[in-house]
Amino acid sequence: MVSVGKENDLLVFKGSNFLKQRLLLATLSGKPVKIINIRSFEHPPGLREYEVSLIRLLDKITNGTRIELNETGTGVVYEPGLLFGGTLMHDCSLQRGIGYYLDVLLALGPFCKSPLNVTLRGVTNSKESPSVDHIQSSAMPILKRFLIVDDGLSFKVLKRGMMPNGGGEVLFKCPVRKNLHTLQLQKSGMVKRIRGVVYACRVSPALANRTVEAAKGVMLKFLPDVYIHTDQSKGKSAGNSPGFGINLVAETTDGCFYAAETVSNLIKDGSEPSVPEELGRETAQKLLEEIFRGGCVDSTFQWLVTLYMALGQKNVAKFLTGPLSDYTIHFLQHLREFFSITFKLENFAEEEEDDAEAHPETAPKILMTCVDHPEVFGHPYVFGQNRRLNEPMSHVSKIFKNLFFSYFS
C-alpha cells in the first residue's frame, strides 16, 4: 500500500505490512516517514522485538537519525540521517533470522560513506526469513554483478544457530561504489549444475545423510551433475538449539542462480518432527519450481535487482525475470513513492526454435526496464553518495510515466 498522505513533509503510511521496505527506502532517499496504526487491534499492539532491532541496526549505520515512538508502539516517526556504514556488531532478535537484517545491509552497503564491516549474531537459519546459505548462494552473485569489481566483498558464516535460541554469527563486508554497473540481462541460460548443503546442528549426522539421499533422488532424474555436501556443526559452532535443514542451488550456463531451502520444524511449536526424506524432497520440488519460473534471479531477491537498477547509472537497465512475487510488486510501488522511479514491464517472448527440447516450457517471463522521473524527486542525493538524481526527464520517461500502475490494473 502506498502512502496515505503527507504531514509536515513526512510520508505517512498505515499498518505494519512492508515496514522493512519503507524504512530501507527512507534511509536511501533521505525522506522522513511516519507509520501509524501498527497492529492497533492486536494483543499486544505495536512494534515487535525484531522490528525494533531492525530500527536499532539502521540507527547504528547512520549518523543523525531521529526516531520517535509513541507510548503503545503503534506509531513511529523515522527521520534518516547520513548513511555512514563502518565497523559494527549487532545482536539480532531471535524472533527472526539473520537474513531479515542481512538483506537490508546488502541493499545499503554499496551506498554507504565508509565500507561496511558488520558482525551479526542470532539465528542463521529460520523459516521466517532467508537463511544465510540462501543469501550467500543467490543474493551475493547479484551484488557482485552490479559492483563489477568485488574487491572487499566478503561473507562468512562463523557459527550456525537454529531457532529458538540462536547462537549463530556471520561476518559481512561490503565495499563502497560511486556507481553501480548497468546490466542488460535478457538471457538466463540452461541449468548446468546443482549444488547444495545440508546443515545439522546438535542432531545425529544420519539425519543429514538421509536428507541428501532424498534430495538427490529427485534431482538426478533431471540432471546428472548434482553434488550436495553436509555441514555437521559441533560444539560452540553449532549454536544453542538443535535442528537441520537443506539449501539447494541451480546454476545456469549464463551465470544465473536459483536457490531453495527448507528448515526442520520446531518441536516447541507443537508441530510434528520433520522427516529428513520429506525435507529433501520438498526442497527439491521448490528448486524445480524456481527453475520453472526462470529469469535471471530467483523470486526471493527480485526486489534487490530492482533497487540496484533504480539507483545505478543513468544508462538503460534491462533485466529478465519470472512472474513477480507479491513482495516485489509492493517494492516497486514503494520505489515510485520514494524515488519517483518506475519500471516498464512487458511480456518477454523467447525466440522460437525448431528443437523444442532445447528450450523446455517455462513460466511467462517479464522484461523489466528501469524508467526514472528525477524532476519530481524530493532530495537531490542518495544519502551517503554525492550522486545527482535531478537531471532533466528524458522523453522516454515521459512516454512510460504511467505504465507501472497500468500493469497491475
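The values are calculated or read from the model by the stated rules, or taken from the named source; none is laboratory data. Note that the structure is a prediction, hence the values are computed from the model and not measured. No Cβ is skipped: glycine too gets one built from the backbone with ideal geometry, and neighbour counts run over all protein chains shown. Note: accessible area is taken over every heavy atom of the protein model, side chains too, but ligands, DNA and RNA are not part of it. Shrake-Rupley method; radii C 1.70, N 1.55, O 1.52, S 1.80 Å.
Details
- Relative contact order of the chain, pairs being alpha-carbon contacts under 8 Å that are 6 or more residues apart, as %: 14 percent
- Taking every C-alpha pair closer than 8 Å and separated by at least 6 residues, the mean separation divided by the residue count of the stretch 256-352 gives a relative contact order of 24 percent.
- Taking a ≥ b ≥ c as the square roots of the eigenvalues of the alpha carbon gyration tensor, the chain is oblate, as a/c is not under 1.5 and a/b does not beat b/c.
- Take every DSSP beta bridge whose two residues both sit in the chain; close to 70 percent of them are antiparallel.
- Separation of the Y327 and E346 label points, Cα + 7 Å toward Cβ, nm: 2.9 nm
- Taking each residue as 0.36 nm, the span from T362 to Q285 lengthens on full extension beyond its C-alpha to C-alpha distance by 26.2 nm.
- As a calculated quantity, the FRET efficiency between N315 and D91 at R0 = 51 Å, using C-beta atoms, amounts to about 0.80.
- At full extension, I67 and K236 could sit 57.2 nm farther apart than now, given 0.36 nm per residue minus the alpha carbon distance.
- Extension gain for the segment K268 to R56, taken as residue separation times 0.36 nm less the Cα-Cα distance, is 73.5 nm to one decimal.
- Pair K187, V4: separation of 7 Å Cα→Cβ label points (nm): 5.0 nm
- Accessible-area composition of the stretch 69-177, carbon plus sulfur, in percent [1.4 Å probe]: 50 percent
- Antiparallel DSSP beta bridges within the stretch 178-284, percent to nearest 5: 70 percent
- Annotation for F41 and N179: the two label points, set 7 Å from Cα along the Cα-Cβ direction, are 5.1 nm apart.
- Value of [θ]222 nm, deg cm²/dmol, for the chain, DSSP H segments ≥ 4, -39500 (n - 2.57) each, nearest 500: -8000 deg cm²/dmol
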